[in-house]
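Below is one structure; the comments refer to it alone.
The values are calculated or read from the model by the stated rules, or taken from the named source; none is laboratory data. Small disclaimer: the values here were computed from a predicted structure and weren't measured. As a convention, Cβ positions derive from the backbone with ideal geometry for all residues, glycine included, and neighbour counts pool all protein chains shown. These area figures cover heavy atoms from the full protein model, side chains too; ligands, DNA and RNA do not enter into them. Shrake-Rupley method; radii C 1.70, N 1.55, O 1.52, S 1.80 Å.
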Amino acid sequence: MTAVEVSRRLPRGTLYAIAARLEWFTASQWTGEFVAAAIGDLVSTDLAGPVARFLIAAHPDAPLRIVDDRPVRADLGALRAALDGFRTVDLLDAPGVLDVPGRALPDSAAVARMLDLTAPELEWFADHGQWLRHSAAPLRHYRVRRMDKPAGGVRVIEAPKPRLAEAQRRILRHVLDPAGAHPAARGFRPGGSVLAYATPHVGARSVVRLDLRDCFSTVTAPRVRAVFRRLGYPAPVARVLADVCTTATPGDELRDLDPWQAAVLRARHLPQGAPTSPALMNLVLHRLDARLTGLARAHGAVYTRYGDDLAFSGAPDSMLIAGIVPKIVVAEGFSVNPAKTRVMRAGTRQELAGVVVNTRAQVPRDEYDDLRALLHNAARFGAESQNREGRADFRAYVYGRIAWVGQGSERRRERLLAMAAAVRW
């Protein structure tokens, strides 16, 4: 790629973004190296160090101080004023094919070739004008269904039909998977799992769990386009990729929903059920993961995330973490569901995404015992006697439960598999 150098002040938006990023930094983090790492995606790579050193020299006190066990923040205006005198040489992308981690896509025609679509087909799947949300159901690209949430409310699942699903899988394989995710993201990535999310918190004196509210549906199309732009794709390519990966829920599917949920789904958003949505959510949340990792390190804690579940452990003051995190989440354009926030002390069950982490990461004992009882009865009375919910492939369902319950304990897994082998399927 080529670039053009332009001498100027940091843009006002960048000043605001840097100040918001650093507002929770403590004295231990207020170093040139730490600040440069935190703002590396807000300015060009070669400017991060000079900007960090300039800011610390102009504003020697860390933005966050602890006074009488309470956090006291610096005025964001003071941080922005400290940066205002900096002069930068900004690198502007010149036209052409950019160096991206995934497949190079200089224009929409290249996107169509990657997806094995014609140009009109690509336009139809992208649905730039959102015409299909007003069309009859057979013409729409998604099948919509509702699931009751265990804690109340409804989860709207929007699953793409086969051809769109295949196009999205190609975007996932060629564009999103090579981009990776922040190390704190432990789900929906190669090598990720619930165990990888939960294991770092085993044996902690306290574990804090928080939940992002309606995380998929609140990721809007502009944020998805911004992800593809950050990966280096030209604006027209970023737009078509984002539109293929997002949808606006048709009005007839929004009836009887909570008004706030209906309003969110009416706008173009990440559909929960699309192959690309989890990876895109990881990339959208990269900056939040970086900020929360920095917060955890500053307080001697560990942070991991699995989807919309956030977990912290090891902080001397877990209530401080539980109080600060929602403010950082709001600053990044999301919100925490306060009803799902838990501070779990040692001596009580510490559970993350269905895995208990008090002494080792494994599924609760009662789930293991229930599955053993099911397999025992299936061996005695036949598998169909236990298929009380009428599942079409009961054997696959049971082996899926064995994979879940057996994770983290090879002894459990082997015992359950031996019991399953004795069942007449």
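Before moving on, here are some points about what is shown:
- Under a Gaussian network description of the chain, with springs only between Cα atoms under 10 Å, the residue in Ala136, Ala296, Ala112 that fluctuates furthest is Ala136.
- Positive-end residue, the chain charge dipole about Cα centroid, Cβ charges, pick of Tyr368, Leu117, Ala279: Tyr368
- Whole-Å distance, taken between Cα centres, linking the stretch 356-425 and the stretch 124-142: 42 Å
- Extension gain for Val154-Arg342 works out to 65.5 nm (0.36 nm per residue, less the C-alpha to C-alpha distance).
- When peptides 187-198, 248-259 are sorted by average Cβ neighbour count within 10 Å, with the highest value leading, the order is 187-198, 248-259.
- Where the stretch 254-315 is the region considered: accessible area per residue in Å², 1.4 Å probe: 32 Å²
- Residue of Arg145, Arg80, Arg266 that the Gaussian network model of the chain assigns the largest fluctuation, springs spanning Cα pairs under 10 Å: Arg145
- When you filter the GluC sites (Glu not before Pro) in the stretch 318-396 for DSSP loop state and at most 15 other Cβ atoms inside 10 Å of their Cβ, you are left with Glu389.
- Heavy-atom surface of the stretch 368-415, accessible at 1.4 Å and reported per residue (Å²): 60 Å²
- Over the chain: helical MRE at 222 nm, DSSP H runs n ≥ 4 each giving -39500 (n - 2.57), nearest 500: -12500 deg cm²/dmol
- Treating r as the C-beta distance of Arg163 and Ala396 and R0 as 25 Å, the FRET efficiency rounds to 0.45.
- In the elastic network of the chain, a GNM with C-alpha springs shorter than 10 Å, the most mobile of Arg391, Arg225, Arg213 is Arg391.
- Under the convention that each Lys and Arg Cβ holds +1 and each Asp and Glu Cβ holds -1, the size of the dipole of the chain around its Cα centre is about 820 debye.
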